[in-house]
Amino acid sequence: MDLNEKIKFFINKGFFYESQSIYGSRSGFYDYGSLGTLLKRRYENLWRIYFGKLFDNIYEIQPSEIMHKNTFVASRHLELFNDPIVECKNGHRFRADKLIEEKLNIKAESLTIEEMNKIFDEEKVVCPECGSKLSDVKLFNLMFPIYVGPVYDLFLILEELKRKYGFLIKKYRKISEKELNYIIKNYLKNKKLYSINLNNEKYIFDENKEIIIKIKDNEYYVYPENIEIKEENENYLEKLNNAEEIKVDYELYDLIKNYIELKNNEMFLRPETAQGPYVNFPIEIIINRYRLPLGLYVIGKAFRNEISPRNALLRMREFTQAELQIFFDYYNNPFENEFEFYKDKYINVLLVKDRDKKLPYVEKSLEEIYNETKIDKFYLYFLYKVYEFYINILKIPKERIRFYQLADNEKSFYNMYHFDIEIYLDEIGWTEVGGIHFRVLRFNRDIINKVDEEIRKDVENLFIGNEIYVGYDLWNHFILSKDRRFILTRPNGSKFIPVELELSFGVDRNIFSLLLINYDGRILKLPDYLSPIQIAVFPLLENNENMVKVAKEIYNKLRKRFDVYYDDSGRIGIRYKRQDEIGTFYCITVDDQTLKDNTVTVRFRDTKEQIRININDLEKFFEEKFDIWKIL
């Protein structure tokens, strides 16, 4: 099955589907169906348990999805959160770097706008929709603005502008003076007329703007084009001179004033969950008694106005992230010690220096990576913990997972280290599903004189030697808000701002990857603890009242503890097939022997093995099977 066939299958089975399709769905928006929601919850709970227990002092928080404008001024999202966009003459738009990657099979993150423009100018990449040449690259900000409170709505303002001044862009037909006399006599003679002067053009119209006369350079034009026009020898032009002039300046001033009021109430849908922990750090550090390291994680929605969403759940405009922010003192870091317990562990990694080997990855121990790169040991320790999650918990085949190191010209300037988590999908190739980011800034003493005088002394106190390391986001929020709670005190009295390590995961991308990897065209081979439906219950014969009765009793008992599906429609083989397709790991069948000795068959999805279990032992059997703590 190709990608489109698999997507169609997942849609038909209720894992996900286009949002609000009855009204014509918009790209980039998907709803999770009944099965998809169960799978998503299982993934999120596994993630929550695994990463929420990595060390002591980790907590889940739920920040608002709508955030203050200054949050994104400080984080520089409003300044820098842009994607390169190109379009063709027919209006097809694409994200430039991703289009280059797809068509030329190269990494385009490091390309400058000039380098991308050269590719499009030379037509190495053309519009995939119509084959025409693509434009120069422009930058497009991905933020979704929102306006709160009882203020004049932006779209009402624009609608008012359109209503009052929309005639400026209408199509006008040139006419003679005699034709103008005919129009006045037959359409405007008994109506009150109004006029507006704009850009050396005069517009005269009736109250409803059904007929509009434009006068420019002593020539006459009329809207609409298709009205009946003949010639009239009598002179009615003086009628135009009596038109009541409308002063535009005041109306525009009023509209601009409303717009400014609107902008003062501007907020934004968050483009990432990360900013919630950063802005709440001053509160949470006090609540948790100033203990470090401190972990704050969020599983929730984020919103990006993607240029060209595609590949179902892989690139959406509304999506779910699971992100853990780890705050610690760079100079008193307990995670360095953890490295010693894991330094001999191997992971699949593609370092920048190994790219020319043309291998998808190289298997290396953490100690090897440290010796080759001198990347901080704490960072490598967390790389391995993420690797463990994919190999041991999600059961991703080892050869399908790698960490891809970004070069200096590819990663954000504030990331000292940045490795993408990538999964190999047969239909797409290596696909980013998350990332590990050490978000840190290094300053020397020159920074002291560059900050606001009000906090200059606070910044000076952060220095012991000639340089400091601070968390990128905590620093920026401190600089803008001047909230001194971002500054902590060590036992020896010295001051510091913690650094930040981010473990970031695209939940939807991980779900989609799990589906693609585990569905072989017949069976969805998810691990039993991830299967949306855990147990299916069947009577062998749908017309046997005794079998149906026992089967429903089992179903009603188990459904209180597990996600169970009852099915008595069709041959037993068809029912097994239906459950195999959606990943149900165990199927219970009530048959003739059940009515004799109170046992049922339990069928295992992957091996097709069947065992008999007493009905009274079923609950305990499945509790043991679905005990996720055995794998954590």
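Annotations for the structure displayed:
- Using the Cβ-Cβ distance between VAL126 and LEU80 with R0 = 30 Å, the FRET efficiency computed as 1/(1 + (r/R0)^6) comes to roughly 0.55.
- Taking the longest Cα principal axis of the chain as reference, the axis of helix 275-287 is set at about 60 degrees.
- For the chain, fraction of C-alpha pairs farther apart than 47 Å, in %: 36 percent
- Loop-resident sites, the range 527-632, for chymotrypsin sites (Phe, Trp or Tyr not before Pro), counting at most 13 other Cβ within 10 Å (DSSP): none
- Extension gain, ILE49 to GLU340, is 102.3 nm, computed as 0.36 nm per intervening residue step minus the present C-alpha separation.
- Once the Kirkwood radius over Cα pairs is known for the range 82-228, the Stokes-Einstein relation at 10 °C and 1.306 mPa s delivers a diffusion coefficient of 80 µm²/s.
- Overall, the ratio between the Cα radius of gyration of the range 146-208 and 2.2 N^0.38 Å, rounded to two decimals, is 1.57.
- Pairwise label distance in nanometres, ILE628 with ASN226, each label 7 Å out on the Cα-Cβ vector: 6.2 nm
- Per-selection Rg to Rh, the range 155-250 - Cα, Kirkwood hydrodynamic radius: 0.96
- Angle of helix 3-12 to the longest C-alpha principal axis of the chain, folded into 0 to 90 degrees and rounded to 10: 80°.
- Those aspartates and glutamates that a straight Cα-Cα span of less than 16 Å connects to LYS450, excepting residues fewer than 8 apart in one chain: ASP458, GLU460, GLU467
- Taking label points 7 Å from Cα along the Cα-to-Cβ direction, LYS189 and PHE413 give a separation of 7.1 nm.
- The range 525-631 - convex hull of alpha carbons, volume per residue in Å³: 91 Å³
- In this structure, the amide hydrogen of LEU134, modeled 1.01 Å from its nitrogen in the peptide plane, lies closer than 5 angstrom to those of CYS127, counting only residues at least 5 positions away or on a different chain.
- Set of lysines with alpha-carbon distance to LYS395 below 18 Å, sequence-local pairs under 8 removed: LYS40, LYS345, LYS385, LYS525, LYS625, LYS630
- For the chain, the carbon plus sulfur part of the accessible surface works out to 45%, probe radius 1.4 Å.
- When the trypsin sites (Lys or Arg not before Pro) in the range 54-116 are filtered for DSSP coil states and for at most 13 other beta-carbon atoms within 10 Å of their beta-carbon, the remaining sites are LYS89.
- Share antiparallel - DSSP beta bridges, the chain, percent rounded to 5: 85 percent
- Acute angle (nearest 10 degrees) that the helix 545-558 long axis makes with the longest principal axis of the chain, alpha-carbon atoms: 80 degrees
- Excluding ligands, DNA and RNA, the accessible surface per residue across the chain is 49 Å² with a 1.4 Å probe.
- Here the range 296-365 yields Rg over Rh of 1.11, to two decimals, using C-alpha coordinates and the Kirkwood radius.
- ASN264 versus ARG571: modelled label distance in nm, points set 7 Å from Cα along the beta carbon direction: 7.5 nm
- Out-of-range pairs (alpha-carbon distance over 24 Å; input LYS185/LYS209; LYS53/LYS560; LYS164/LYS239; LYS107/LYS133): LYS53/LYS560
- Dividing the summed -39500 (n - 2.57) terms of all DSSP H runs of n ≥ 4 by the residue count of the chain sets its mean residue ellipticity at 222 nm at -9500 deg cm²/dmol.
The values are calculated or read from the model by the stated rules, or taken from the named source; none is laboratory data. Model, not experiment: these values are computed from the prediction. Because the Cβ atoms are built from the backbone with ideal geometry, glycine has one as well, and the counts that use them run over all protein chains shown. Surface accessibility is based on the protein's heavy atoms, side chains included, excluding ligands, DNA and RNA. Shrake-Rupley method; radii C 1.70, N 1.55, O 1.52, S 1.80 Å.
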